[in-house]
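Everything below concerns the one structure shown next.
The values are calculated or read from the model by the stated rules, or taken from the named source; none is laboratory data. This is a predicted model, so every value here is computed, not measured. Cβ sites come from the backbone with ideal geometry, for glycine too, and all protein chains shown count toward neighbours. Surface accessibility is based on the protein's heavy atoms, side chains included, excluding ligands, DNA and RNA. Shrake-Rupley method; radii C 1.70, N 1.55, O 1.52, S 1.80 Å.
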Amino acid sequence: MNVNDLLIGVRGELPMLPDEENPFLSTDALVGAQITRILVDVLGGTVGVLLELGQSTRLRGTTALLRVTGVVQQNWRSTPTANEFTAWSISGLTVQQRDDEFHVVIDCFPVGALLVVGAAADFTLLHAVAPDVAPPDDHFDPRALIRFGIADESTEVEPIGSARSAGGCC
């Protein structure tokens, strides 16, 4: 399966994550992870936040996907950076859950924040399958070199475990 498959929904039953790896119960679980992509499925009303876990000391796996369904609002704010290639490291997380609404605010370093409001959410820890190709020539495309080895929406992944927000998820 790949990350795009997970935007549709987690197939089958995955092991539940322990409380310390569940960002809905432990708001410091994502600290140190880095946001690499925000995937918006307008027709499906879904937002996926793809995370790189190489700098995370709290989570297993190499990547993770926070998926919010029934999305009514998604907003990314940041200050201009001197370097267009910026690692947005998570410095804090605020989660508010009600029966019919889920809010998440992800604070990042350097100054950035992501707000997503929807009906419910799930979080899946993943192991990305290593690419079997050589890294690109940095003289050809520096963006490709920087992104080499970082999961994107077409990366093959193996799920490790998942957690769901209190409102459930589809």
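The overall shape of region 56-134, judged from the alpha-carbon gyration tensor, is oblate: a/c is not under 1.5, and a/b is no greater than b/c. With all pairs of different alpha carbon atoms counted, what Kirkwood hydrodynamic radius in Å does region 1-97 show? Kirkwood hydrodynamic radius for region 1-97: 14.7 Å. Kindly list the residues of region 15-48 that lie in the label zone of Ala166, defined by a backbone N under 15 Å from the point 7 Å along the Cα-to-C-beta vector. Label zone hits: 23-27. To the nearest 10, the accessible area of Asp107 is 60 Å² with a 1.4 Å probe.
Here the relative contact order of region 1-131, from alpha carbon pairs under 8 Å that lie six or more residues apart, stands at 24 percent.
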